[in-house]
């Protein structure tokens, strides 16, 4: 019964609708009351506690990715000054492209990838790192 969510209060231990139908119902309900959800989120994000949490989260994210930000800044400067020229995607030839770093310690050694292939490359890297033995 992997197509049904577990639910301890149901007789058979599973929710009465399949996962796909449940996801659709949740999405429909969200979009039917979209403005109410946005208003609730705006109000919640305006509280001092939530703002402090968001700032701390952003700070942690920035601190964790210092090397990446440094390398991206180097690429942006090189493109602005003409030292680096954006090229079409190396996988499909589409433009516009993003500069992908295989090694952040070499900031100007980039591979130009379109949005779709850039995301796919990061998923490949993540999957490969998940497969490594501990």
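Coordinate-derived values only; no laboratory data. As the structure is a computational prediction, the values presented were derived from the model and not from experiment. Methodologically, a virtual Cβ is constructed for each residue, glycine included, from the backbone with ideal geometry; neighbour enumeration extends over all protein chains shown.
Just a few scattered comments:
- Geometric descriptor of segment 65-131, per residue, is 84 Å³ (volume of the convex hull of the Cα atoms).
- Here the Gaussian network model covers the chain, with springs between Cα atoms less than 10 Å apart; of 110, 95, 75, 95 fluctuates the most.
- Residues residue 106 and residue 37, FRET efficiency given R0 of 41 Å [Cβ-Cβ distance, rounded to 0.05]: 0.40
- Remark: segment 4-62 is approximated by an ellipsoid whose semi-axes, taken from the C-alpha gyration tensor as √(5λ), come to 33, 17, 11 Å, largest first.
- As a proxy for reagent exposure, 97, 47 were ordered by neighbouring Cβ count within 10 angstrom, fewest first; the result is 47, 97.
- Selected from 118, 101, 14 as most flexible by GNM, with the chain as the system and alpha-carbon contacts under 10 Å: 14
- Global size of the chain: 22.1, 67 Å for Rg and Dmax (C-alpha atoms, Rg to one decimal, Dmax whole).
- Most mobile listed residue (83, 64, 24) in the chain, GNM with C-alpha springs under 10 Å: 24
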